[in-house]
Amino acid sequence: MIKKDLGFVVRRYNFRETSLITTLYTKNYGKIRGIFKGFYTQKKEFSSPLDVFSLNEFVFYPKRSEIWLISHADLVSDFAFLPKNLAKSKVAALFFNLIDKTMQLWDRNPYIFDLLNDCLKTLEDENNLKILCIFLVRFLTHAGFKPEFNHCISCNNLLEEEMFFSVSKGGLICKACKGKVSDIRKISKQATQSLLYIQRVDFSLVSRLKIASRPLHEIFYILSEFLSYHFDFHDLRVSRQPAALVR
């Protein structure tokens, strides 16, 4: 049965001389792999250049095999600012690499699709590191791996002024329980308040959140360690000081 859906181009590579194989992240089908037969023969059905990061409308044929036939592609947005700004392109690449690394084929999650779309649109005019941290926090929340930033993950008590984060436990640890956990890092109240706000509040408000440099870097460090430990995703750990990502 023929289907139509919106999707982002996550990655692409040539197949033989005329065709293209891509990984797409779609709104209603999640991550899929598709083949564009005759893409390089300038077929009128493919009006999009299918650049990585671009959002397109696709017509395809879902089936049980891993690679689906895609018969039509129209460009919706190419996020033209990305090729002109290396730092923002690096942030966008982190979005797509995480989705490609962690999401299974055909695992539908429209919340993550909308999050990706919102973050790409907002990235043009906002601080790179802030949008990256927002994406990571909300991605983990929508993907079902939400870290605990409200209660102590050990005793479930509400947290006071002094608190710590455990990567292995996946949440905050109170002062009374810190001796029970080996991998803890102190975290400021400003950082935890920002994390909770990002988790709970609508994206339109979250994107306007102002976060000072120090708690923002605390959040980045915690998220990079969490993703490295639980998902084997090391892209964020390349630099402890993410200067290359900061506008």
query: Yes or no: Thr22 over 25 Å from Leu140 (Cβ atoms), buried (at least 17 other Cβ atoms within 10 Å of the Cβ) and either at pLDDT 95 or above or of a type in the set (Gly, Ala, Ser) (or both)?
result: yes
- prompt: Looking at (1) part of a loop (DSSP other than H, G, I, E, B); (2) open to solvent by 30 Å² or more (accessible area, probe 1.4 Å); (3) under 21 Å from Leu123 (Cβ atoms); (4) in contact with a Leu (Cβ under 8 Å, 6 or more places away or on another chain), which is the one condition that is false for Lys210?
  reply: (4)
- prompt: Are there any strands (runs of 3 or more DSSP E) wholly within the stretch 1-115 with 2 or more residues that are aromatic (Phe, Trp, Tyr) and touching an Asp or Glu at 6+ places or on another chain (Cβ under 9 Å), and if so which?
  reply: 55-61
message: What pairs come out if I take residues in the stretch 216-236 that are within 12 Å of Leu129 (Cβ to Cβ) and pair them with residues that are open to solvent by less than 10 Å² (accessible area, probe 1.4 Å) and of a type in the set (Phe, Trp, Tyr) whose C-beta lies under 6 Å away, six or more apart or interchain?
response: none
Members of the stretch 166-179 found to be outside any loop (DSSP other than H, G, I, E, B) and closer than 20 Å to Val137 by Cα, listed by number: Ser166, Gly171, Leu172, Ile173
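To keep it simple, each residue is scored yes or no on (1) among the polar types (S, T, N, Q); (2) modelled with pLDDT of 95 or more.
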{"residue": "Ile35", "(1), (2)": "no, yes"}
{"residue": "Thr41", "(1), (2)": "yes, no"}
{"residue": "Phe53", "(1), (2)": "no, yes"}
{"residue": "Ser65", "(1), (2)": "yes, no"}
{"residue": "Trp68", "(1), (2)": "no, yes"}
{"residue": "Ser77", "(1), (2)": "yes, yes"}
{"residue": "Phe113", "(1), (2)": "no, yes"}
field: Options Ser182, Ser194, Ser204: the member that is among the polar types (S, T, N, Q) and in a loop (DSSP other than H, G, I, E, B)
entry: Ser182
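Out of Asp107, Asp118, Asp125, Asp114, I need the residue that is charged (D, E, K, R) and over 24 Å from Leu216 (Cβ atoms). Which one? I'd like the intermediate steps shown before the answer.
On the way: Asp118 fails: over 24 Å from Leu216 (Cβ atoms); Asp125 fails: over 24 Å from Leu216 (Cβ atoms); Asp114 fails: over 24 Å from Leu216 (Cβ atoms).
None of the others qualify; the one that does is Asp107.
Checking the conditions here, which among Val137, Val91 is within 16 Å of Val206 (Cα to Cα) and in contact (Cβ under 8 Å) with a residue 24 or more places away in the chain?
Val137 is the lone residue from the list that is within 16 Å of Val206 (Cα to Cα) and in contact (Cβ under 8 Å) with a residue 24 or more places away in the chain.
The values are calculated or read from the model by the stated rules, or taken from the named source; none is laboratory data. Everything numeric here is computed off the predicted structure, so don't read it as measured data. Reconstructed Cβ throughout: ideal geometry from the backbone, glycine too, with neighbour counts over all protein chains shown. Surface areas here come from the heavy atoms of the whole protein model, side chains and all, with no ligands, DNA or RNA. Shrake-Rupley method; radii C 1.70, N 1.55, O 1.52, S 1.80 Å.
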